[in-house]
Every structure is written in C-alpha cells, then in structure tokens.
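The structure under discussion appears below in the form of structure tokens.
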Amino acid sequence: MSTRYANPDLHSHSVFSDGTLPPADVAALAASHGVDLWSLTDHDDLDSQPHALRAAHEHGMDYLSGVEVSVTYEGITVHIVGLGFDVSNVSLIRGLQETRASRQERARQIGEQFARLGIAGAYEGALQLAEHPEAIARPHFARFLVEQGVCRNVQQAFTTYLADGKPCDVPNQWATLADSVRWITDAGGMAIIAHPARYRFSESRETAFFEAFHALGGRGVEVIAGGHSAREARRYASMARRFGLAASRGSDFHNPGEGRNEPGTLPPLPPDLDPVWSLLDDRIQRVAH
Ligand code: AMP
Ligand code: MN
Ligand code: MN
Ligand code: MN
C-alpha cells in the first residue's frame, strides 16, 4: 500500500545551482506551506542532496532524491528532472560533472556579450552571486543586473537580455536526451520532462520529443508546474494520458522574490493520473517516527 501525500513538491532549487537560499531554508519554506514529500532538484548537481535530505527529515517531510539535468534536444534546451535515484551512482555523478563543466566558459562569453552592449563587469558580478561557481547560470547574471539598477527585476533581465534567443543568451551544448534518461534510470530513478509548457516546440516536434523520451525509458511529465497556466496543466495532463506517463508536481522554486510559486502552493494533480510518487514508493526516504 503506497503512502498518500496531500502536498508533494518535487522541483526546487538552492544555492547549489541557481536558487538563492541554502537547502535548509528551502526545506523550511516548503514545510511552512505543508509540503509532506519534497525533492530538491538543483541543476546538474548532486552535492546539495545530503543537505536536503537532512533538512527534509528535520522538518518532518519525506524525501525523494532529485536533480534537473540540462539537455540539448534537436537544438532546443530542455530540462529532465530525475527523482528517486541512488545519489552515489558513479555514471550519474560523472555525467552531471561533464554537463556542468562548460558553464564557466559560457559564463565568460555571456559577460563578453554584455560588455559589447556597454554593460561592464557582468561576469565578475554574476560569479560573485554564485555561491557555487561551477553552477553559474543565467539567473546570476539577471540578479547582477537588478542589483546594478540596469533592470527592474529578474523577469525583465530575461525578456531584455537573457531569455533564449536574446542578445546575451549564449547557447550551450548540454547532455543528450538519451544520456540524461539513461543516467537517471540506471541509477534506479525516474526521468521526468520538466515544465513542458516552457519549450518552444511546434506541435509535431513536441509529439516527436515525447515519443523519443518515452522510447528512451522516460516515464513522467510535470503536469502541475510553477509557471503553468490552468490551460497548460490540462494540455499536459492529456499528454500524460496519451503517452502513458506518470504525472509530477513541482513549483520550480528559486527565490522568494522572483515570481513563480513557493514550494507547496500549487493546485493538485488531476485525480485520474498516476502520480510519480506512487511509482517511486520504494525510493522514498521516510521520516523516522
Ligand atoms: P542556464 O542553465 O544558465 O541556461 O539558466 C537557465 C535558468 O534560467 C532556468 O533554470 C531558470 O531558472 C532561468 N530562466 C530561463 N528562462 C527564463 C525566463 N524566461 N524567465 C525567468 N527565468 C528564466
Ligand atoms: Mn533554474
Ligand atoms: Mn528548468
Ligand atoms: Mn528548475
């Protein structure tokens, strides 16, 4: 008999990637909103996992190991969340290290793009805001621009400079879809398509992406995700039914001030879908009672 959860949140970030809070503070925030099953899913990182597990249990939450892998699929960046894997799996650790390795050089190039537009010191400024420099990402640049008064808020920094295709977005070659799914599943976890509404696929290419993901062994999709509208949630609920994928729910929390949802403040999953956490029952790290 699988445990029932009232308020799982299986997607969030800490200072180990592009979030602004330490894992313990994200856990406290999640618990304050009534989260009972939590996962910290830092980008291409597993170093945050022991901190997140400890903090989850201190706050009375059950825990699933988590990661969000950066992937390049047919020229488009997509994110694959992994849940419930073994955090000591060597191929997963190595794969994530390689995925992360290009971030420093790319960040320097982003800095050069800003310099060309007359904004100096962006690389150094972003680096200073990245507590873990190997994880430096576009939100660190966005926060630097806000700090400098160049932009009003992080969202504006993205729409003006940093969003996909904007002048200071430097495209990167991340992991392949096949590798990301294999690393996660071989480590005993489940691969899940993160926030599907955020990719700019045409309908036919989106279908091909879901088919490829499923054929590679991907088993879940985020139906209820931070930033999804009610309409998008309905659309990806029907994609989950069509492709036989389990459904996940996660806020994609990064920072209290930056839009999106705080952990544990999302609507429930449609009741007819299989929740990913039922399929991951034996992977859940439970609080001792
Ligand atoms: P990177 O891994 O450096 O390419 O940065 C990607 C991160 O930037 C994502 O994980 C989000 O946290 C953030 N991001 C990407 N696009 C946007 C956007 N349009 N608005 C706000 N944040 C975004
Ligand atoms: Mn992020
Ligand atoms: Mn993402
Ligand atoms: Mn995320």
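Details
- Residue in the stretch 61-77 that is more than 22 Å from S180 (Cβ to Cβ), surrounded by 23 or more Cβ atoms within 10 Å (Cβ to Cβ) and not hydroxyl-bearing (S, T, Y) present: yes
- Residue satisfying condition, being in contact with a helix residue (DSSP H, G or I) (Cβ under 8 Å, 6 or more places away or on another chain), closer than 16 Å to S70 by Cα and of a type in the set (S, T, N, Q), within set N153, N172: N172
- Considering residues of the stretch 97-114 that are within 17 Å of the chain's Cα centre (by Cα) and under 20 Å from P171 (Cβ atoms) only, the residue most open to solvent (accessible area, probe 1.4 Å): R100
- Beta carbons closer than 8 Å, at least 6 apart along the sequence or on distinct chains, pair a first residue in the stretch 7-20 that is touching a residue at least 40 places away in the same chain (Cβ under 8 Å) and away from ligand 3 (no atom under 11 Å from the Cβ) with a second that is among the charged types (D, E, K, R) and not in a loop (DSSP other than H, G, I, E, B) for P8/R249; D9/R249; L10/R249; T20/R143.
- Screening G188, G264 for residues that are open to solvent by 30 Å² or more (accessible area, probe 1.4 Å), touching a Gly at 6+ places or on another chain (Cβ under 8 Å) and either within 30 Å of A135 (Cβ to Cβ) or not assigned by TED's automatic domain parsing to the domain that holds S12 (or both) leaves exactly one candidate, G188.
- Here D42 meets each of (1) closer than 22 Å to A126 by Cα; (2) open to solvent by 10 Å² or more (accessible area, probe 1.4 Å); (3) in contact with a strand residue (DSSP E or B) (Cβ under 8 Å, 6 or more places away or on another chain) with one exception, condition (2).
The values are calculated or read from the model by the stated rules, or taken from the named source; none is laboratory data. Values in this document were obtained by computation on a predicted structure and should not be read as measured data. Don't worry about glycine lacking a Cβ; one is built from the backbone with ideal geometry, like all the others, and counts go over all protein chains shown. To get the accessible areas, we keep the full protein, side chains included, count just its heavy atoms, and leave off ligands, DNA and RNA. Shrake-Rupley method; radii C 1.70, N 1.55, O 1.52, S 1.80 Å.
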